1. If you place +1 on the Cβ of every Lys and Arg and -1 on the Cβ of every Asp and Glu, how big does the dipole about the Cα centre of region 46-202 come out, in debye to the nearest 20?
2. What is the angle, in °, between the Cα long axis of helix 286-297 and the longest principal axis of the Cα atoms in the chain? Nearest 10 is fine, range 0 to 90.
3. Taking amide H positions as placed in the peptide plane 1.01 Å from N, state which residues far from ALA327 in sequence (5 or more) or on other chains have amide H under 5 Å from it.
4. Are there GluC sites (Glu not before Pro) in region 93-201 that DSSP marks as loop and that have at most 14 other Cβ atoms within 10 Å, and which are they?
5. Answer with one residue from ASN216, PHE90, SER246: the one whose Cα lies farthest towards the positive end of the charge dipole of the chain, charges on Cβ with Lys, Arg +1 and Asp, Glu -1.
6. For the chain, find the longest principal axis of its Cα atoms and tell me its angle to the long axis of helix 302-314, 0 to 90°, nearest 10.
7. Taking chymotrypsin sites (Phe, Trp or Tyr not before Pro) as candidate sites, keep only those in a DSSP loop with at most 13 other Cβ atoms within 10 Å, then name the longest stretch of the chain containing none of them.
8. Place a +1 charge on the Cβ of each Lys and Arg in the chain and a -1 charge on the Cβ of each Asp and Glu, then give the dipole magnitude about the Cα centre in debye, rounded to the nearest 20.
Amino acid sequence: MSVEYADYTKDRVGFFFGMTGPQLATVMAAGVPLLVAVGVQRWALAGLCLLGFAAVVLLVVVPVRGRSATQWVGALVAHTLGRGVGWSAFRGKVAVGEPAAPDDADLPGILSALQVHDGPPRVARLTRVAIIQDHAAQTWAATARIVHPGIGIAEARERDRMGEGLSQLIEVLARTDLARMLVVQVRTVPDDGAERAQWVARNRRADGPALSRRVNDDLAVSLTSASVRTEAFVTVVVAEATMARSARQAGRGLTGRARVLYGLLAEVEAHLLGAVRCSSVDWLDSQALAAAVRTGFAPGDRAVLVQAAADAAAHPGTETQVPWAVAGPGQASTPVRWYEAPIWCRVVSGVLNDHVLPVREDEVHLDAE
């Protein structure tokens, strides 16, 4: 059984035959010499102009992995210029000794426009969700850590049901016209073995056989070095222009926007726990989000946080939280198509739908074949 969306328009509708304004202007300017050559009946010159016009159209209009050739060249020139003048290098305030408020995020690149707020308590849960405000993009967002059993050992029908559940979630978000983007991120990093080390420390007997201890330690070293740890996150993004009116009716300011966002989060959570078959959906508060950001930039710090949480259980007062001032990297640089922190290199690959949810023209039909 296959599920297809067939009644959606393109995410971005071009100004004229799928072309944007600058693309249309460039194509029209490239066609002027051809029209002039035809007008004066210079057919040899017209043939050359036709070849040049076709080359311009290919470079400007035909997309290569989502971008035209001129856009790729422009991005390369901008990246080279940014590296030349030092814009791509980031140094954290704490790393260079500048004063920084603990609750102010100090992040590189476009992340510098983010501000994280503690949302009001959610009804019946008394938990606060971290509300992420992007001042540059004029959006509000919230992130959840999800646990999913995966599809590796699921039967075909179960996989189809999960796919239908995700399709229904996307359809609901498209119907509400509130969510701008739904981001599902899966992070895979080498396993640090922190939880196993704590379990062994709590359960190992002092009078145990030396051979068993040695074999267990050797297995731990071998298995940990060959293992990976996977985390999954879901982020819901809402544009300010979309929620402004509803926020005024819900109380204005951060509280009004949080209430509107909470309603959308409840709808997303219901679908994730239902048809998508997630085991748990935990919307992150400010401190949990700061820890997730820190371990994203420096995965090796997760073992320290796990150990600190264990120490806090035995020694109350142990610091277990990550201040936003140090949640980002101390220094970072951005070569082409990958990201480099002090001792970590990160590569991000994505499956995108032009960055936004699809625009519905008519009702969505799920056809089974």
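1. Details: 17 positive and 15 negative charges, 26 e Å.
Roughly 120 debye, rounded to the nearest 20.
2. Result, in degrees: 70.
3. HN-HN under 5 Å from ALA327: ASP106.
4. On the way: sites: GLU155, GLU158, GLU164, GLU171, GLU195; in loops: GLU155.
Those satisfying the criteria are GLU155.
5. Value computed over the given set: PHE90.
6. Between the helix axis and the principal axis of the chain, the angle is about 30 degrees.
7. Values: sites that count: PHE15, PHE17, TRP87, TRP338.
For chymotrypsin sites (Phe, Trp or Tyr not before Pro) (loop position, at most 13 other Cβ atoms within 10 Å), the longest site-free span of the chain is 88-337.
8. Details: 36 positive and 37 negative charges, 128 e Å.
The calculation lands at about 620 debye.
The values are calculated or read from the model by the stated rules, or taken from the named source; none is laboratory data. Values in this document were obtained by computation on a predicted structure and should not be read as measured data. As a convention, Cβ positions derive from the backbone with ideal geometry for all residues, glycine included, and neighbour counts pool all protein chains shown. These accessible areas exclude ligands, DNA and RNA; they are computed on the full protein's heavy atoms, side chains included. Shrake-Rupley method; radii C 1.70, N 1.55, O 1.52, S 1.80 Å.
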